[in-house]
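Everything below concerns the one structure shown next.
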Amino acid sequence: KIFYKLIMHIELIKNINDIPLDKQSWNKLVKNNITDTVFQTYEWFQCWWRNYGDNHKLAFLIARENSVIIGFAPLMIHQDRFGRKILRFVGDLNADYCDFVVHGNRLKVINAFLSFLYTDKVNWTSIKLLNIPAHSTTKACLQTICDKNKYYILLKKPIVTPTLIIKNRKSSALKKIRKYSVNRHLNKLKKQGNVNFRNIHNNNEILHHINQFFEQHIKRYELKGMQSLFVDKINRNFYIDLINELNGTDWLLFSTLELDDKSIAYHFGFNYNNKIIWYKPAFDTNYKSLSPGTVMLIKLIEYSIESNQTELDFTIGDEAFKDRFSNRVRFNQNLVIYKSGIKLFTCNLAQYFGCIFNKALTLYKS
């Protein structure tokens, strides 16, 4: 018998064109990963980096075992205003779910990633990893590795990700939108004219509607006294680029709610792995009194049930409407790994006094 020793090798990629993975091999690894969402795909990564990459430095890690790629860490270096170099997941502020992509022994590969990062080949101050789904073993792996190697890790407060589970729970999901308090919004809108919900699949038609979607979102946020992300041309370009990048995948779910052929609400989301992902809604503020946003959500839930989706994932955020229409709450994990123990100590101290202050403020208000 001949036994082969598996040799782990980590490679640092600083230029996106040097990543040794094409679309097929990349997405195959994602399909075998514990976290498999549209935000891990080749298409999302390429699109995000084209639009935002100039403001960051790529620090993409490839894991090979006997020359075979078994995983990657989609990392970038972000330099903050104090000059600190922070390692983050690429696109973490736009992606609701982030993670390492690993096929094989997850603990072993993540340990190899971290061991490499603790060499002098990458210059960083901290590693800030956001939006790791709680079902992923990544957090547990990182805790184990950090405890063993005396690395400085700080766990942040989990972020809620409400979800409407549909698989094996269709009747209870239907009850969410069959209540009078919910349906009255639809009935009120129907009195104004013909109401129609549809998903637009044609790429050219989506692009025809996209500027109206942006405008609705901008005006909606103005009404709240806030600034929409679509005021920034870079963000608008990213969404347009994403429409083109996902063309032919069936992952983009662009929906419109029409009143007498006029689009009064939109939703820019995804349909991936038979799951609907709630991402960016917008509606015409001229119809605010008719609750077009709520009606859009009702119709999207109806579509999810009728098309046998397993769930409608409302993603990060604890908005009231999510609580109203969800039937399960999951969590995302956020954590920071520091090179310096002093930095960890000061952050722990700030977090401790922050909790005391918040409790005192709550008691004062009550």
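The values are calculated or read from the model by the stated rules, or taken from the named source; none is laboratory data. Note that this is a predicted model, so its numbers are computed, not measured. Neighbour counts are summed over all protein chains in view; Cβ atoms, including those assigned to glycine, are modelled from backbone coordinates with ideal geometry. Areas reflect the complete protein model, heavy atoms only, side chains present, ligands, DNA and RNA absent. Shrake-Rupley method; radii C 1.70, N 1.55, O 1.52, S 1.80 Å.
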Legend entry - Where the Cα pairs of the chain fall when distances are cut into 20 Å bins, in %: 25, 54, 20, 1
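Ignoring ligands, DNA and RNA, please state the percent of accessible area on the chain from carbon and sulfur, probe 1.4 Å.
Whole-percent figure for carbon plus sulfur exposure: 51.
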Inset, instruction - Give the relative contact order (percent, whole number) for the chain; include only Cα pairs under 8 Å separated by 6+ residues. - result: 21
Inset, instruction - Past 24 Å, Cα to Cα, is the threshold; run 31/339; 175/299; 156/219; 191/322; 85/280 against it and keep the listed order. - result: 31/339; 156/219; 191/322; 85/280
Legend entry - Stretchable slack from residue 157 to residue 170, in nm (0.36 nm times residue separation minus alpha-carbon distance): 1.5 nm
Legend entry - Calculated FRET efficiency for the pair residue 18/residue 84, C-beta based, R₀ 35 Å, to 0.05: 0.85
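Work the Kirkwood hydrodynamic radius out for segment 169-237: mean of 1/r over every pair of different alpha-carbon atoms, inverted, in Å.
15.3
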Legend entry - trypsin sites (Lys or Arg not before Pro) lying in DSSP loop within segment 77-147, provided at most 14 other Cβ fall within 10 Å: 81, 84, 121
Legend entry - Cα Rg, Dmax (largest Cα-Cα span) when computed across segment 45-151, Å: 13.8, 41
Legend entry - Unit charges at the beta carbon, dipole of segment 62-204: most positive-side option, 107, 95, 164: 164
Legend entry - Estimated FRET transfer efficiency when R0 is 45 angstrom, pair residue 178-residue 120 (beta carbons, to 0.05): 0.15
Legend entry - Difference of contour (0.36 nm per residue) and Cα-Cα distance, residue 328 to residue 194: 44.9 nm
Inset, instruction - Express the accessible area of the chain per residue in Å², computed with a 1.4 Å probe while the remaining protein chains stay in the model. - result: 51
Inset, instruction - Express in whole angstrom the spacing between the alpha-carbon centres of segment 137-207 and segment 35-112. - result: 24
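Rounded to whole Å and sorted largest first, what semi-axes of the equivalent ellipsoid does the C-alpha gyration tensor of segment 209-343 yield via the square root of 5 times each eigenvalue?
Numbers: eigenvalues 142, 85, 62 Å².
Ellipsoid semi-axes (Å, largest first): 27, 21, 18.
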Legend entry - Cβ charges +1 (Lys, Arg) and -1 (Asp, Glu), total dipole of segment 33-183, debye: 740
